[in-house]
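The values are calculated or read from the model by the stated rules, or taken from the named source; none is laboratory data. In this text, all values refer to a predicted model and were calculated from it rather than measured experimentally. Ideal geometry is used to build each Cβ from the backbone, glycine not excepted, and the neighbour counts take in all protein chains shown.
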Amino acid sequence: MATWKDVEDAAPELAARARRILDAHKHKTVATLRADGAPRISGIECTFIDGELTFGSMPGARKGADLHRDARFALHSASVDPPEGDEAVWPGDAKVAGRAVYVGQLAGPPDGDLFRADVGEVVVTRLTEDATALLIETWTPGRGLRRIERA
């Protein structure tokens, strides 16, 4: 696993692109695992602070309980459609998966739990410059940066 700073150092263009997409909208979604192993999707906000990707959970929230029990998560940026007729300018979607590390209580308001992301994977899905194919850029600590085009 890696910090967000590790991602920036290893794949600076991908990290910058993912961060721009994540910062473009306040609300994102996060997937956690329920006690029975079923997935749970929740709304969430995230922040980049001192080379770390952080997010919180309000007191009593199910996503916080999920993360304390099983730290695995997948964070997804807000999804927006490519502009009709100008698809090439679409920034794409960003996803970050890994483990949530409990940092402590949020310095509220609001109250709650603060987590930092132990990053296992970063993915940006967008269109090629000529908008004729899907471009999937992935980074993991063990595999590094990969680019896959799908027409």
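A compact table of results
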{"quantity": "Residues being surrounded by fewer than 13 Cβ atoms within 10 Å (Cβ to Cβ) and either among the polar types (S, T, N, Q) or part of a strand (DSSP E or B) (or both) - total across the stretch 132-145", "calculated": "2"}
{"quantity": "In the stretch 61-74, residue surrounded by the fewest Cβ atoms within 10 Å (Cβ to Cβ) [restricted to those that are touching a Phe, Trp or Tyr at 6+ places or on another chain (Cβ under 9 Å) and of a type outside the set (D, E, K, R)]", "calculated": "HIS68"}
{"quantity": "Test: ALA88 is surrounded by fewer than 16 Cβ atoms within 10 Å (Cβ to Cβ), modelled with pLDDT under 95 and not in a loop (DSSP other than H, G, I, E, B)", "calculated": "yes"}
{"quantity": "Residue among MET58, MET1 that alone is surrounded by 13 or more Cβ atoms within 10 Å (Cβ to Cβ), farther than 15 Å from ALA94 by Cβ, within 15 Å of the chain's Cα centre (by Cα) and at pLDDT below 95", "calculated": "MET1"}
{"quantity": "Test: residue in the stretch 31-38 that is closer than 24 Å to GLY108 by Cα, touching a residue at least 24 places away in the same chain (Cβ under 8 Å) and out of contact with any Pro (no Cβ under 9 Å at 6 or more places or on another chain)", "calculated": "no"}
{"quantity": "Total residues in the stretch 5-18, condition among the basic types (Lys, Arg) and either at pLDDT below 95 or within 21 Å of ILE148 (Cβ to Cβ) (or both)", "calculated": "1"}
{"quantity": "Any pair with Cβ under 7 angstrom, 6 or more apart, that starts in the stretch 49-60 at a residue that is in a loop (DSSP other than H, G, I, E, B) and ends at one that is of a type in the set (D, E, K, R)", "calculated": "GLY51/LYS5; PRO59/ASP111"}
{"quantity": "Residue match in the stretch 30-42 (condition: in contact with a strand residue (DSSP E or B) (Cβ under 8 Å, 6 or more places away or on another chain), more than 25 Å from GLY142 (Cα to Cα) and of a type in the set (Asp, Glu))", "calculated": "no"}
{"quantity": "Residue within the stretch 55-70 that is under 26 Å from ARG143 (Cα atoms), in contact with a helix residue (DSSP H, G or I) (Cβ under 7 Å, 6 or more places away or on another chain) and not acidic (Asp, Glu) present", "calculated": "no"}
{"quantity": "Test result for ASP93, under 23 Å from ALA15 (Cβ atoms) and touching a residue at least 60 places away in the same chain (Cβ under 8 Å)", "calculated": "yes"}
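A quick yes/no check of all residues on (1) aromatic (Phe, Trp, Tyr); (2) under 30 Å from LEU127 (Cβ atoms); (3) in contact with a Gly (Cβ under 8 Å, 6 or more places away or on another chain); (4) not in a strand (DSSP E or B):
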site	(1), (2), (3), (4)
ARG17	no, yes, yes, yes
ILE21	no, yes, yes, yes
LYS26	no, yes, no, yes
ASP36	no, no, no, yes
GLY64	no, no, yes, yes
SER79	no, yes, no, yes
ALA94	no, yes, no, no
ARG99	no, no, yes, no
VAL103	no, no, no, no
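For (1) at pLDDT below 95; (2) crowded, with 17+ Cβ neighbours inside 10 Å, each residue gets a yes or a no:
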site: HIS76; (1), (2): no, yes
site: GLU84; (1), (2): yes, no
site: ARG99; (1), (2): no, no
site: TYR102; (1), (2): no, no
site: ASP130; (1), (2): yes, no
